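Working notes, structure below.
We did not get these values from a lab; they are worked out from the coordinates using the rules stated. None of the values given here were measured: they were computed from a predicted structure. Positions of Cβ are generated from backbone atoms using ideal geometry, with glycine treated the same way; all protein chains shown enter the neighbour counts.
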Amino acid sequence: MTTRDEAPALARSGRRFDPRWWQICCLSGLLTYGIFWLSFDVPPIQIAATIGTALAVQWVLTRALKIPTFEWKSALISGLGLCFLFRAGEWWLAAVTASIAIGSKFFIRWHGKHIWNPTNIALALMMLVLPAQAWVSPGQWGSGPTLAYAMACGGAFVVNRSARSDTSVAFIAAFAAILFGRSLWLGEPMTIPIHRLQNGALMIFTFHMISDPKTTPNTRAGRILFACLVAAGAAFVAFVLFRPNGPIWALAALAPIVPLIDRFLPGPRYDWKRPVTGPLWKGDSREPMVARARDLPGGRLVGAGRV
């Protein structure tokens, strides 16, 4: 049992390097690779408008709502994510999309927690409202296994640092099982599901979107359940509705059930500065020690995201 005297030292030892730095480095490197080696069809003005608007809206809303901390790293990650996937005929549409993404973090919340991943909801809304002018470009990465493997490794490092690797692993495992199972049922060669998995956009989604620690369930059991539901939803969009970008649509549609999962499977809320996995199940005594370091000076509950 953690004593009052041990708790401060435990809290200090639980501090970890902010995983958003790793994510920024990973996404920036991938974007640079895409522009200079893969010749992404994204003009510099669109990149500047996307990232600049994301940071500007984050700053304006932080000041307007009198929030003490300007979380520019989160805004930059959202802007980089949009630079990867969003395409439009006019650069100003990219600025609108970035505004929607950042605004959703401030105004679409439940009990203080984001409901949608900012990049995901912005992409879904723009494609829904302006299908002829805004789209997602999933094929720009190609489908080479080397690239997919490299992106998976980079993404795996990021989600491990943010204590959300279980979400990514559960999603890609469930999605792969569905793809292989469908091909076996239809008598297709196994090269078809393998080809579908060798997709850079799928890797971006798996390791940088669905694994967003601010929008995933608080318990490991909840995250695994949610990831499997999104995988099933992505397959439904692709093979029943016959629409592209199945994972993006599925995540946008299913994100509102996360508060319900958290209600029945409660756990500590994620804190960027003290990443914790949360309990496997509600009330699980194996919850990380950092998340249970109670009775600290000032009445803080370390790792649970509340004071």
Revision key, fill the gap. On each of the three principal axes the extent of the alpha-carbon atoms of segment 42-136, given in whole Å and largest first, is 37, 26, 18
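Could you compute the net charge surrounding residue 118? Neighbours are other residues with a C-beta less than 15 Å from the C-beta of residue 118; K and R count +1, D and E count -1. Before the final figure, lay out each step's value.
On the way: positive: 20, 73, 105, 109, 113, 214; negative: 71, 212.
Local net charge: +4.
How do 236, 36 line up, fewest other C-beta atoms within 10 Å first?
Values: 236 16, 36 9.
Listing 236, 36 from fewest to most nearby Cβ atoms yields 36, 236.
Could you list 171, 40, 70 in order of exposure, starting from the residue whose Cβ has the fewest other Cβ atoms within 10 Å? Intermediate values should be presented prior to the final figure.
Numbers: 171 29, 40 18, 70 14.
Least to most surrounded, the residues fall as 70, 40, 171.
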Revision key, fill the gap. Most exposed first, judged by fewest Cβ atoms within 10 angstrom, 123, 76 run 76, 123
